[in-house]
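Shown next, in C-alpha cells, is the structure this report addresses.
What follows is calculated from the coordinates using simple rules that are stated; it is not laboratory data. Everything numeric here is computed off the predicted structure, so don't read it as measured data. Every residue, glycine as well, gets a Cβ built from its backbone with ideal geometry; the counts of neighbours run over all protein chains shown.
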C-alpha cells in the first residue's frame with residue numbers, strides 16, 4: 001500500500017456511496033486521471049488509488065514535477081472537482097494553515113515552508129474569521145463534528161459554537177444521528193452559554209472566591225482567566241486566553257474556573273492534576289460542571305482531596321457584578337491539597353462535601 005502525502009490529506013476521503021460510485025465508474029470506464037506521486041507518496045489521487053486497489057486494477061501513476069508548487073497543484077485540482085461551500089473550504093484552509101509543504105520555487109506566492117493563516121484564507125477564498133472557526137472545530141478533536149462540516153451538514157459557524165458547549169451538550173450534538181445533528185446543534189447552542197466563549201463570559205461570583213481564600217489563605221495563580229475576572233480573583237499571577245496558561249508555569253495556591261469548552265476543560269483539568277502530583281502547585285480549588293461521567297472529571301477526582309457538590313447552580317455574573325444566568329447543570333468545587341478539614345468546614349455550607357478517606 002502506498003502512503004499519502006500530508007498535502008493530500010487536506011481534503012477528506014470519499015466514503016460510502018460516493019466511493020462506491022467512483023469504483024463503479026472506474027470499473028466501467030477505466031481510470032481517466034493519473035495518480036500523482038511526490039517523494040514516493042500519493043500527492044493527488046488517493047480515492048482513485050483506493051478504488052484501483054479495491055477493484056484489483058493496476059493504477060496509472062505519474063511523478064509530480066518537483067519544480068512546481070505541490071500545494072497549489074492539489075488545491076487547483078480538487079477545488080475544480082469538488083463544489084465546496086465556504087464552510088467546507090474553511091476546513092481545508094485550516095488544515096493548510098501552517099502546513100509544512102516542502103521546497104518551493106523562489107517566486108512562489110506563499111512562504112518557503114509553511115502557509116500562514118492569511119495566506120491559507122486567501123488561497124481558499126474564505127474569511128480569516130471562517131478559518132479561525134474551522135480551526136476551533138479541528139482542535140476540538142471530534143471526527144463527527146468535522147465530518148458534519150465537510151459534508152455540508154453544519155456550517156462552520158454553528159460547529160465552532162458547538163466546540164464552546166459544556167461537555168454533556170457537546171457530546172449530545174456529536175453523538176446525534178447525522179441527519180439530526182444540525183437541529184440538535186442549534187437547540188444546544190441556543191440553550192447553553194459557554195463559559196469564556198468570548199461573546200458572553202461568565203465570571204465567578206465574589207463569594208466563592210472569598211471562600212476559596214478562606215481555605216487556601218490566598219490565591220497565587222489563576223491559569224485560566226481574564227483581566228476583568230482577576231479584578232475579583234486578585235491572583236498574584238494570572239494567564240488569559242492570549243497568554244495561554246497551558247504553556248506557562250503555575251505555582252503556589254491555584255484558583256481555576258476553566259473554559260467549559262472542549263478540549264480546553266479537559267486540558268486545564270489534566271494540567272491541574274499533573275501539576276499538583278508533581279509538586280508544582282501546593283493547593284488548587286477548581287470550579288467545574290459536575291460531569292461525573294467524563295474522563296477529565298474522573299481524573300480530577302482521582303487527584304483531589306475533597307469535592308463539594310454545590311447546592312443549586314452557580315449564578316455567574318457579568319463584568320459589572322450583575323447576575324448573568326446559570327448553566328443548565330450543577331457545579332462542583334474540587335479541592336487538591338492538605339486542608340481537607342478546612343475545605344469541608346468552609347464549603348460544607350454550600351453543598352455536600354465528599355472527602356477521601358485515609359488508606360493507612
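Structure summary
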read-out	value
Which of 207, 58 has the fewest Cβ neighbours within 10 Å, and the rest in rising order	58, 207
Rounded to 5, percent antiparallel among DSSP beta bridges of region 206-355	65 percent
Rg over Rh, two decimals, region 129-192 (C-alpha only, Kirkwood Rh)	0.91
GNM result for the chain, Cα springs below 10 Å: residue of 313, 151, 20 fluctuating most strongly	20
Along principal axes, Cα extents of region 209-249, largest first, whole Å	29, 21, 12
Packing-based exposure ordering (other Cβ within 10 Å, fewest first) of 253, 62	62, 253
Distribution of pairwise C-alpha distances over the chain, 10 Å bins, in %	5, 21, 25, 20, 15, 10, 4, 0
Exposure proxy order (Cβ contacts within 10 Å, fewest to most) of 184, 162	184, 162
Computed Kirkwood radius, in angstrom, where 1/r is averaged over Cα pairs of region 206-355	15.2 Å
For region 1-98, average projected area of the Cα convex hull in nm²	6.6 nm²
Additional length obtainable on full extension of the chain from residue 345 to residue 58, 0.36 nm per residue less Cα span	95.9 nm
Fraction of beta bridges assigned by DSSP in the chain that are antiparallel (%, nearest 5)	60 percent
